[in-house]
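Every number here is computed from the coordinates shown, using simple stated rules; none is lab data. Just so it is clear, the structure is predicted and the values come from calculations on it, not from any experiment. Every residue, glycine among them, receives a Cβ derived from its backbone with ideal geometry; neighbour counts consider all protein chains shown.
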Amino acid sequence: MDNTRLPLAALALGALCLTGCETTDMQMGSQSAKTVATGSAAGSASANTNAALEKCASPLGTVSLVENQSAGWYTIIRNEYKLPPTANLLRLLVQQSNCFVVVERSAAGMNAMSRERQLMQSGEMRQGSNFGAGQMVASDYALSPEIVFSNQNAGGVGGALGGLVGGRYSGVLSAVGGSMQTKEASAMLTLVDNRSGVQVSASEGSAAKTDFGAFGSVFGGSAAAGLGGYTNTAQGKVISAAFMDAFNQMVVSLRNYKAQTVQGQGLGGGGRLGVDGGAAPSQTSAPATNRTKK
């Protein structure tokens, strides 16, 4: 009997056994499927949140999520990464933090509310449904997300390892180096006061993770298993971590918030950088006769 056929037969038998067990591997709440935004929120209560998320003792106001869906970064996460809107992620983070009360302003959400009011006006709703005017809550602030930088392979060491070492191990090291891809993302959040249009806060966050995918193929499955969650890291998890980092940075600043003031003219009163024939001179300026030496 040809002994070379034994490994192939064993592989085929193993694959058949795995096929029979396929339906038993479902895991609810699998850690490998989670992002940094996990758990739930209901009002001011939350459960199973990420311990690293910054929180507030009480809300600072109401906030709506505003995404620029025509921006280049939004097109990339939708078409290339196949990710849902970032507003879905931020809604969870913001409510879990208890720093703001989230109000609905998305197109789908506003259409749903309008539909209920139209049904009420048509007379189809039962008495006491109470969808009359004057019940919507104003949005004090608008929170706008943006992905500043995202890279699927920001630090591949490629064949450099093989060329550096050389000899019999150069091929193995090159294969390992080529698979070590560092996924990193940088995200920005901007908070604007909806009444005045003044930017209240802005923050930047970042995250990175390395995918050691080829360790399994080069050194075998046992080596890859020892690396835990580093294998097959999704770009979406890195982006969500970057947004959480940005939100944490914003919360820290908001805890020590002090409104910006402009001396003399006040906000929107002309500013202190006047031009010839423009804004009135600053109240702190000395008379011209005192500045000119006779």
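Only sites in a loop by DSSP and with at most 16 other Cβ atoms within 10 Å count here; which chymotrypsin sites (Phe, Trp or Tyr not before Pro) in segment 111-152 make the cut? Provide the component values of the computation, followed by the final result.
On the way: sites: PHE131, TYR141, PHE149; in loops: PHE131.
Answer in residue order: PHE131.
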> Which of THR62, GLN135, ASN111 sits farthest toward the positive end of the charge dipole of segment 46-141, with +1 on the Cβ of Lys and Arg and -1 on the Cβ of Asp and Glu?
Replying inline: ASN111
> Given a Förster radius of 35 Å and the C-beta distance between GLN263 and GLU104 as r, what FRET efficiency does 1/(1 + (r/R0)^6) yield to the nearest 0.05?
Replying inline: 0.35
